[in-house]
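Below is one structure, written out as structure tokens, with a few remarks after it.
The values are calculated or read from the model by the stated rules, or taken from the named source; none is laboratory data. Please read all numbers here as calculations on a predicted model, not as lab measurements. Positions of Cβ are backbone-derived with ideal geometry, glycine not excepted, and every protein chain shown enters the neighbour counts.
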Amino acid sequence: LVLLVLIGGINLSNYRQVVSDGDAVLDLLMENGGTFFNQREFPRWIERETIVQWDFKDDSMEPNRSISYTKEYAIPDDADDFLRGGRRRINSPELPYETRYFSVLLSAEGEDVRTDIGRISAVTKDDAVEYAVRAADRSSTSGFIGDYRFLVGEEDALGNRLIVFTDCGASLANFRSFRNISLIVSLLCLLLVGILVFFASGRVIRPVAESYEKQKRFITDAGHEIKTPLAIISADAEVLEMELTDESEWLSDIKTQTKRLSELTNDLIFLSKMEENRTVLEMKDLDLSALTEKQTSSFRAVASDTKALAPDITSGIHITADRKSIESLLTIVLDNAVKYCPDGGKIDVKLTHSKRHAYLEITNDTEEVISEDSVKHLFDRFYRTDASRNSQTGGYGIGLSMAAAIVEKHKGKITADSGKMREKSLTISISLRLSSAEQTAPAKASE
């Protein structure tokens, strides 16, 4: 990117210099009626000159006396302006002899009044008039017609306009040559860098990739190892509970925490397998509408009378998916919505589709507004907002990570929005591709 910007900047600067030099020549031509002014009046800069004369006596080659004096030459008043403009070449006495130019004086009706093509051989009188008419018809008073830079003067008392042209072909050819060479060099450099990065990145990234793979395998393997002692602890706690005549608060806590840890372990193993691509999905035609209706109904009792569950499910929507994974997906997002919806809040479940995709939106009220920064991290592992950490929800912050992994496995898209429907609300949006047969059916909702 830096190389492209650098090369682009250099080429832009070169082009601007070509235009600037051409405009400077045209300004001189316009000021002098389509030609250059008298060469004797051309500005010159002559430095102070010191002259020393030696007078030799006879043939002895010994100096007899010396005479020194100084000659001073006046510098034109406008010399400083020329120097500040950085246009020494433009003010060179050789400029009239090395510049190819022509001029045309057009009447108000666009007729040729006077044409001067004495300083160019590549343009005929008819060509010059044609160029002048094209230049006069343009909205801009200066520009390029081919390799010729033109300048349109103001109308005189008779309504005539002088149009002067200068041949910038040599300068433009140099610009194009440098541009092409610089682009080729840039592409070769990018190709070389790309090749080096391709071969070097493998060595640099390989340890990181291997470490990440080992980390995922460790989570899976450790999860399986943890499940065995957890099962033993849970079984021993149940045996102790049966042997004790009185209910024990400590045993109850052990069973509760063991159950939570077992659930967390299972979730981590599931997520790790998803990321390792070790989960085999049975992709079949699935009635998403019926499954969503079923899962939503099962959460009505969980929502209780204090939370309003409002489903809006379009019937007959089918997708090609793994049923077990989609059931887990719906359970996760519905459980998340019910869990973090305050008493008296509302939970909206909306299922629609377009020609190619099914859209599931689950919106739940929240106790406070969720910041945009928090929304960006909702699908990260173990991330929970401050509000959910302070509540008694008992979540682990891994559920939405599992949901994202399931959606990704089905080549879908999942997003989160804060305040989409209501100011204090969170919306989880899921997009999944319809089954092939469903895509041929008329859409009930637009993309």
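Out of Ser325, Ser289, Ser252, report the one residue that is under 25 Å from Leu230 (Cβ atoms), out of contact with any Pro (no Cβ under 6 Å at 6 or more places or on another chain), surrounded by 12 or more Cβ atoms within 10 Å (Cβ to Cβ) and not assigned by TED's automatic domain parsing to the domain that holds Gln215.
Ser325
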### Query
Do we have Ala290 as under 37 Å from the mean Cα position of the chain (by Cα) and hydrophobic (A, V, I, L, M, F, W, C) here?
no
### Query
Which condition breaks for Asp246 when tested against (1) assigned to a helix (DSSP H, G or I); (2) more than 34 Å from the chain's Cα centre (by Cα)?
(1)
### Task
May I ask you to say which residue of Thr366, Thr440, Thr393 is modelled with pLDDT of 85 or more and not acidic (Asp, Glu)?
Thr366
### Query
Is it the case that Leu271 is outside the structural domain of Lys413 (by TED's automatic domain parsing), within 25 Å of Phe379 (Cα to Cα) and assigned to a helix (DSSP H, G or I)?
yes
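Keeping to the stretch 362-378, report how many residues are crowded, with 19+ Cβ neighbours inside 10 Å and either within 34 Å of the chain's Cα centre (by Cα) or hydroxyl-bearing (Ser, Thr, Tyr) (or both). I'd like the intermediate steps shown before the answer.
Within the stretch 362-378, the first condition is being crowded, with 19+ Cβ neighbours inside 10 Å, and the residues that meet it are 362-366, 370, 378.
If we keep only those that are either within 34 Å of the chain's Cα centre (by Cα) or hydroxyl-bearing (Ser, Thr, Tyr) (or both) as well, we get 362-364, 366, 370, 378.
Qualifying residue count for the region: 6.
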